[in-house]
Amino acid sequence: AAYVYKCTESDDCVIHRSPAWYSVDRGPKTMQPEGLRGENLSARISFITASADFIDDMRAIMGNVGITINGFLSPSLGEQLLCTAVKDRDDGCIFIDCGMYNTEFSVLKGDAMVYHAVLPFGGNNITADLADRLEIRYDEAELLKRSATVGEGINEMIRPPESRDKEGRRIRYKPEIICNMITVSLEELCEYLKRTLFDAKG
């Protein structure tokens, strides 16, 4: 369920709340506290907020086309709940969503997103690095990146794009060189992720 609470124009609104775990009398953490006996119930609850201006704007925009918004849900949390089995959430799941300009790092525990960070590194960085190092156009670098397969013991290119130099001669890229360039960029992303994981554990 989605929850929207009253808020002033200067406040963020709570749009969703969900539990990571419950504990009765500091006992084992559980998502099913029903039926347990004790004096004290504690819990870790995740609250997701959105700006009041955003909520007002979205309701106005949708209202103009006859659509009523009953509630809001973070797309990151929605993706996590959709892609995981309930039994896996108790142990905790880490999500890494690499987009064009940013990479989202989030942790799911129970039904709650207990950590979320946006890293300033995405697929665009890899393409830009290729274009800069090879001195080619961005669109050529993007096609080149998409043709490469990089992994443990795997460096290959599948149907690389045809590129030509200023004299019209075809350029033949060596897979190991292109994949190594991509690996260097990916290692930079991994450093971001390592630091973020350390922050999340803290």
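Consider only pairs whose beta carbons are under 8 Å apart and that are at least six residues apart or on different chains; among these, list those whose first residue lies in the range 148-162 and is at positive phi and whose second residue is of a type outside the set (D, E, K, R) and surrounded by 12 or more Cβ atoms within 10 Å (Cβ to Cβ).
Here the result reads R159/S147, each pair linking the range 148-162 to a residue that is of a type outside the set (D, E, K, R) and surrounded by 12 or more Cβ atoms within 10 Å (Cβ to Cβ).
Consider the range 106-141. How many of its residues are among the β-branched types (V, I, T) and part of a loop (DSSP other than H, G, I, E, B)?
Number of matching residues: 1.
I need the full set of residues from the range 42-99 which are touching an Asp or Glu at 6+ places or on another chain (Cβ under 8 Å) and either aliphatic (A, V, I, L, M) or assigned to a helix (DSSP H, G or I) (or both), in order please.
Within the range 42-99, A50, A52, D53, S76, E79, L81, R89, I96 meet the criteria.
Looking at (1) closer than 20 Å to V118 by Cβ; (2) out of contact with any Asp or Glu (no Cβ under 8 Å at 6 or more places or on another chain); (3) open to solvent by less than 30 Å² (accessible area, probe 1.4 Å), find the lone condition where V24 falls short.
(1)
Has the range 112-123 got any residue that is within 27 Å of C83 (Cα to Cα) and either in contact with a Pro (Cβ under 7 Å, 6 or more places away or on another chain) or polar (S, T, N, Q) (or both)?
Within the range 112-123 (the criterion being within 27 Å of C83 (Cα to Cα) and either in contact with a Pro (Cβ under 7 Å, 6 or more places away or on another chain) or polar (S, T, N, Q) (or both)), the answer is yes, since at least one residue qualifies.
What number of residues in the range 141-192 are acidic (D, E) and open to solvent by less than 100 Å² (accessible area, probe 1.4 Å)?
5
List pairs: first residue in the range 23-34 and touching a residue at least 40 places away in the same chain (Cβ under 8 Å), second residue open to solvent by less than 40 Å² (accessible area, probe 1.4 Å) anywhere in the structure, Cβ distance under 6 angstrom, at least six positions apart or on different chains.
Going by the 6 Å Cβ cut-off, the qualifying pairs are M31/G110.
Here is a check on your reading of the model: is D132 open to solvent by 20 Å² or more (accessible area, probe 1.4 Å), farther than 30 Å from Q32 by Cβ and at pLDDT 90 or above?
It is true that D132 is open to solvent by 20 Å² or more (accessible area, probe 1.4 Å), farther than 30 Å from Q32 by Cβ and at pLDDT 90 or above.
Among the residues of the range 60-96 satisfying the criterion of being of a type in the set (D, E) and open to solvent by less than 90 Å² (accessible area, probe 1.4 Å), which is farthest from I15 (Cα to Cα)?
Looking at the filtered set, the residue picked out is D88.
Run down M113, M100 and say which single residue is within 19 Å of S76 (Cβ to Cβ) and open to solvent by 90 Å² or more (accessible area, probe 1.4 Å).
Sole residue among the options that is within 19 Å of S76 (Cβ to Cβ) and open to solvent by 90 Å² or more (accessible area, probe 1.4 Å): M100.
Looking at Y192, Y173, which one is of a type in the set (S, T, Y), under 21 Å from D132 (Cβ atoms) and part of a loop (DSSP other than H, G, I, E, B)?
Y173
I'm told V14 meets every condition in (1) open to solvent by less than 90 Å² (accessible area, probe 1.4 Å); (2) farther than 30 Å from K201 by Cβ except one. Can you identify the failing condition by its number?
Among (1) open to solvent by less than 90 Å² (accessible area, probe 1.4 Å); (2) farther than 30 Å from K201 by Cβ, V14 violates only (2).
Just to be sure I understand the filter: pairs with C-beta atoms under 6 Å, separated by 6 or more residues or on different chains, first member in the range 69-90 and of a type in the set (A, V, I, L, M, F, W, C), second member modelled with pLDDT under 90 and open to solvent by 30 Å² or more (accessible area, probe 1.4 Å). Which pairs pass?
F72/A2; L73/A2
If you scan the range 102-112, which residues turn out to be touching a His at 6+ places or on another chain (Cβ under 9 Å) and not polar (S, T, N, Q)?
E104, F105, V107
The values are calculated or read from the model by the stated rules, or taken from the named source; none is laboratory data. Quick caveat: nothing in here was measured; it's all calculated off a predicted structure. All Cβ positions, even for glycine, are placed from backbone atoms using ideal geometry, and neighbour counts span all protein chains on display. The protein model used for the area step is the full one, side chains on, heavy atoms only, and it has no ligands, DNA or RNA in it. Shrake-Rupley method; radii C 1.70, N 1.55, O 1.52, S 1.80 Å.
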